[in-house]
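Working notes, beginning with the structure itself.
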Amino acid sequence: MDFERRAAEIAAQTELLQATANGADLATRIAACPDWSLGQLLNHVGAGHRYAEAIVRTRAFQAPADDYLRNPGHEVRPSSWLTDGAEALATTLREAGPDAEVWTPVPAGAPRAAFYARRFLHETAMHRADVTLALGQSFALDGDIAHDTLDEWLELGSLPVMFDYFPERRALQGPGHTIHLTPTDHAASWTVDLSGDLPAWHPGAIENPAVTVEAPLTDLLLIIYARVPATTAKLTGDTAFLDTWLSLVSFG
C-alpha cells in the first residue's frame, strides 16, 4: 500500500468505526482493553490521531507527552470529533508528504511521516475491530489492508530494540522455533523465524515449521493481535510454543 492510500484509509476506517459505535452504550467494556469502556476507547483513538497530526505538522523531533493517550477520559464528545481528527491527520500527512522528517517512537527506517500514515491506519483498523467485536458484530477488513497490517506487526515485532522494551521475549529464541502463518483466503503467507539470536520474519513458507496457523487473513490478524484465541484457526505442530509466543508478543 502506498502513502496516499494509507492516509485516506485513516479517515475511511474512522468513519466505519464511528458508524459502528453510533447509538451503542458508551459504558460497554472493550475486551482487548479491559480497563476501558467504549467511550474511553473512542477518546483514545481520537486523541491518537491528534497526537500524530501534531507531530507531523510541527515536524517534532522529540516525543510529545502522551498521558492523555494512555489514560483517556470519559468525556462524551460529538461524533464529528472522531472523524474530524482523522481527517485532520490525513490532510496533514498529505501536505507533509511521506519523506517529511519527524520523530518516531521506534527506529523503523528513517524517522519520516510515512511511519504515522501506516501506524495510524492499522491502529484505527484494529480498534475498529475492538469495537465491532465488543458489540457482538462480525469484523471485516479489506485484504490489502489486513496484509499491510500483518506485515507491519511483524516488522515492528522483529526490531532488535524490542528486546530492550520486552526482555522476556528473549526466551522465545531457540533452535527450530519457527511459525508459519498461512491465510486460507489470500495468496500471501509469512514465516516467523525465532531460531537465531534475533527475531526475524519473511514472506512465504519454510520447510517443517514448528507450528502452522491456518485461518482466513482477517482471522489471522485478530489472532496475532490477541483479539481472538488461536483455537479459532487450524493449528498444526507445537501449539504450546505458539501459545507462549502469542502471550509475549501482542501489542496494540
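The values are calculated or read from the model by the stated rules, or taken from the named source; none is laboratory data. Please read all numbers here as calculations on a predicted model, not as lab measurements. Cβ: placed from backbone, ideal geometry, glycine included. Neighbour counts: every protein chain shown. Accessible surface is based on the protein model in full, side chains and every heavy atom, while ligands, DNA and RNA are left aside. Shrake-Rupley method; radii C 1.70, N 1.55, O 1.52, S 1.80 Å.
Below are the figures for this structure:
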{"item": "Of all residues in the stretch 199-239 being free of Cβ contacts under 8 Å to residues at least 24 places away in the same chain and out of contact with any strand residue (DSSP E or B) (no Cβ under 9 Å at 6 or more places or on another chain), the one that is nearest to Ala188 (Cα to Cα)", "result": "Glu207"}
{"item": "Matching entry among Glu75, Glu87 (being open to solvent by 70 Å² or more (accessible area, probe 1.4 Å) and outside any helix (DSSP H, G or I))", "result": "Glu75"}
{"item": "Residue tally, condition farther than 22 Å from Gln18 by Cα and not in a helix (DSSP H, G or I), over the stretch 112-148", "result": "2"}
{"item": "Residue in the stretch 54-68 that is under 19 Å from the mean Cα position of the chain (by Cα), loosely packed, with under 14 Cβ neighbours inside 10 Å and more than 19 Å from Arg227 (Cβ to Cβ) present", "result": "yes"}
{"item": "The stretch 3-15 residues that are surrounded by fewer than 24 Cβ atoms within 10 Å (Cβ to Cβ), paired with ones that are aromatic (Phe, Trp, Tyr) (beta carbon under 9 Å, 6 or more apart)", "result": "Arg6/Phe120"}
{"item": "Test: residue in the stretch 211-226 that is at pLDDT below 95, within 17 Å of the chain's Cα centre (by Cα), open to solvent by 30 Å² or more (accessible area, probe 1.4 Å) and within 27 Å of Ala129 (Cα to Cα)", "result": "yes"}
{"item": "Number of positions in the stretch 1-54 that are of a type in the set (Gly, Ala, Ser) and outside any helix (DSSP H, G or I)", "result": "6"}
{"item": "Pair list, Cβ under 7 Å, 6 or more apart: the stretch 111-134 residue of a type in the set (Lys, Arg), other residue in a helix (DSSP H, G or I)", "result": "Arg118/Arg6; Arg118/Glu152; Arg128/Gln13; Arg128/Leu16; Arg128/Leu17; Arg128/Thr20"}
{"item": "Conditions (1) modelled with pLDDT under 95; (2) part of a loop (DSSP other than H, G, I, E, B); (3) on the phi < 0 side of the Ramachandran plot: number failed by Gly109", "result": "(3)"}
{"item": "The stretch 102-141: number of residues that are open to solvent by 50 Å² or more (accessible area, probe 1.4 Å) and under 20 Å from Glu155 (Cα atoms)", "result": "7"}
{"item": "Count of the stretch 239-252 residues which are modelled with pLDDT of 95 or more and buried (at least 18 other Cβ atoms within 10 Å of the Cβ)", "result": "3"}
